[in-house]
Each structure stands twice: as C-alpha cells, then as structure tokens.
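Values quoted throughout were computed directly from the atomic coordinates according to the rules given, and no laboratory measurement underlies them. The model shown is predicted, which means the values in this text are computed figures rather than measured ones.
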Amino acid sequence: MEMALQIARHVLEGLREQSLLAYPLEACGLLFGDERLISGFETTANVALDPDKGFEIDPKALFVAIRAERAGGPQLIGYWHSHPNGRVEPSQRDLDAARDDGKIWVIVAGDDIAAWQAHISDLIDTPEHGVAEADGEWIPAINQVSNGKTIKDFWHLPLDTGEIRHLIPRDKCDEDIVPLIAKAGYPGIVPILDELMSWTADPNWPVAPPMIDYLATIGAPMVEPIRRVLRGDDDGHKFVCLRGMVRLLPPAALTLLKDDIAALARIPAQGDRETSVNNEARAILDSMDA
C-alpha cells in the first residue's frame, strides 16, 4: 500500500466501543471500504472455542457479507479483532490464520489501534556476486537467489486516525507515515518529537531518510531533540544525526547547537572516536567557520 490507510471516525469509535463491551473476550468482525479508507464495520459473533485467547469470525456473517458485495453492496476489505492483552501487534495465532489475500487486519487494544496486512515472501539465499551489462559496460552486480522457501509475516500499514500518537512509526518500513506527520506539522507533533527522532537512528531503515528530511525543515524547534541525541550514549545515532539532520538545519538553528558539536569534536568519548562522530562534528564546525 503506497499511502496511509484512513479510518472513518465513527468506525474508530465503534471498534473501541465493541472491544470494550466484549472484554475480557476478543471481539471481532468485518471491515468495509476501499484500499484507502475504512468506511464501515460489522461486529460478528466470535465462534472460537477459546474466545479469551483468540477469535474466529462467524462464517455465516462472512458468507452474507461476501454475497452482498457480489450483489453490489459494500466492499469487504478486511477483518478486525481486539486483543484484551493490550498489545496491537499480531499474535502467532493471528499469523497462522492469516492469508496473503490483500485483506486488512485491524487490531484494537484498549484505545490503541493498528492495521496490518499479511504477506508471503521468498527467502533469499546468500546473494551471488557477478556482473551485469549496463549502457554497454560490465559492472558489478548482486543476484538475489530464492532458495524455494517462503516466509509469512504481517506488514504494518500506517493508519490515519487523526490522533497524534498514531503518527509514531511501528516498523522500520513505515515511510508512508511521514507525509501524515508533515501534514500534522509543527507544533502539532511536539508531544512525539523524541519518538520520531528515535526512528532516524539507522539510515538503512526506509523510514529514516524521509523522516530526517522532514524533521530538519522544522528548524529551531528540533534543537532540543537533536541535543538529547548528541548528549546520549548511542554513538551510531549521533553520527547519523550529525551527517543526516544537523547538516540540513538552517544556519540559525545550527548556531544553537555549536557548543554541543564542538564538545563532540574536541573532547570525544571513545565510542565517538570509534564511530567517527568527532570527525563529523569537526567537519561541521569547519563549514560553520568558513
């Protein structure tokens, strides 16, 4: 899914209400809408033998919904259920039951909520190194070779609930949530700035580059969250922060961080030296003084 999934307010409130009514058992049901919007829902009976530990949607209700869709009724886009244990992450039982059919799984836990989609992917053996032709030249290439085995997993789908806390990524591949963060904007995202910063720690995470690019545009309000990273003990995050975000800050915001940058350059800890934090800090200072 290339963009965040929206959920109608009455659906969000309804799922929370039905989950609360069913507690301590799992509530469950059907979701209607399209690939961009959950516009409706239905609560069905949970016919699982142990509804306090799992769910099974009443097959009669599912059959009725499928028949109605074929007759031109609401499109069945997925399923929802609650987790009385308070966690919105899918359980192993959920994973075992899920199919790679494109359906959306929404999980409600208390007043928290998250959307997921099951996928089956090929397992890749150790990549084979070789060469490939490009524009008449032979260049190094890496061939990804499947070993014939597959793995099933849930992928998180960013869910636009209109609530700030749901703008915090749950997965390193949540880059689609960054436009929602930008839409909420500053000062709306102030309560979650530190959590957003934590998702910039590894530049290999798909969510990190767009998150860095957006947060840097905020300017001076990012000084304190950045300062907390630079004064912390995650040396790798310090380097990424300096290289990726600090260099993008406007001059006025950069000046506010000069003392912290100077401290890393001149009196680095051992970890700072091992990860070249001190060298990166020194390069930034040189550019500021040029």
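Along each principal axis, taking the top coordinate minus the bottom one, the Cα set of region 67-108 gives 38, 19, 12 Å in descending order. Expressed as a fraction of 2.2 N^0.38 Å, the value expected for a compact globular protein of N residues, the C-alpha radius of gyration of region 186-290 is 0.99. In units of the compact-protein estimate 2.2 N^0.38 Å, region 1-59 shows a Cα radius of gyration of 1.23. Close amide H pairs (under 5 Å, H built 1.01 Å from N) link residue 157 with 115, 116, 117, residues at least 5 positions away or on another chain.
In percent, what relative contact order does the chain have, based on Cα pairs under 8 Å that are 6 or more apart in sequence?
Working: 473 pairs, mean separation 33.4, N = 290.
Reported as a whole number, the value is 12 percent.
Rounded is the label for region 1-121, because the ratio a/c of its alpha-carbon gyration tensor axes (a ≥ b ≥ c) stays below 1.5. With the helix formula -39500 (n - 2.57) applied to DSSP H stretches of n ≥ 4, the chain reaches a computed 222 nm mean residue ellipticity of -10000 deg cm²/dmol.
Pairs to check: 103/183; 149/238; 53/152; 53/183. Give those whose C-alpha atoms are more than 30 Å from each other in this structure.
Values: 103/183 27 Å; 149/238 38 Å; 53/152 21 Å; 53/183 38 Å.
Over 30 Å apart, Cα to Cα: 149/238; 53/183.
Over the chain, all Cα pairs binned in 5 Å intervals from 0 give whole-percent P(r) values of 1, 5, 10, 12, 13, 11, 11, 10, 10, 7, 5, 3, 1, 1, 0, listed from short to long.
For the residues 208, 220, 114, a GNM of the chain with alpha-carbon springs under 10 Å puts the largest fluctuation on 220.
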